[in-house]
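Okay, structure first, notes after.
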Amino acid sequence: MMKKAIIFLILLALVGCGNGNKISESTNNLNPSASEDSQFVEYGVAGHIVKITASEDEVIMGTIKIDGPENNGAKYKEAVVTVTPNTKIYINDLTDFDNLEVGMYINVFFEGPVKESLPVQATAKQINIIPDDPK
């Protein structure tokens, strides 16, 4: 009986080490962090745009300040996010920085390291504009 239990536990451990179901990169444009190895993607920040600052710089298009509700699926409640020419911005299709407006509800995926200040500062890899504000 003890040998059967040990064999069962070993088999269970081996099965648990498998890759499981993988998510394809082509599954969804609205999920830039999805890859064959990812199982869960978390927004860096999600909430309303409370401030937009445009830039004359060629490297930075501008910054946006986002403030979101608690427990909305994002890692941070608020952030100041840098938008670059490489940042992908979507409503239903690809759009641009000029279409962002104060009051819009957005989800932001970060790229690179985050400055752990208050509020957090990061660069946006992708911004999803949510037309139907989830309030």
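What residues have an amide H closer than 5 Å to that of Lys75, excluding those fewer than 5 places away on the same chain, when H is modeled at 1.01 Å from N in the peptide plane?
Correct list: Tyr43, Gly44, Val45.
Relative contact order for region 43-130: what is it in percent, counting Cα pairs under 8 Å that are at least 6 residues apart? Please report the intermediate quantities before stating the final value.
Values: 217 pairs, mean separation 28.5, N = 88.
The value is 32 percent.
Could you state the per residue volume, in Å³, of the convex hull enclosing the Cα atoms of region 43-130?
Values: hull volume 7.5 nm³, N = 88.
Enclosed volume per residue, from the Cα hull, is 85 Å³.
We did not get these values from a lab; they are worked out from the coordinates using the rules stated. Computed from a prediction, not measured in an experiment: that's the story for all the values here.
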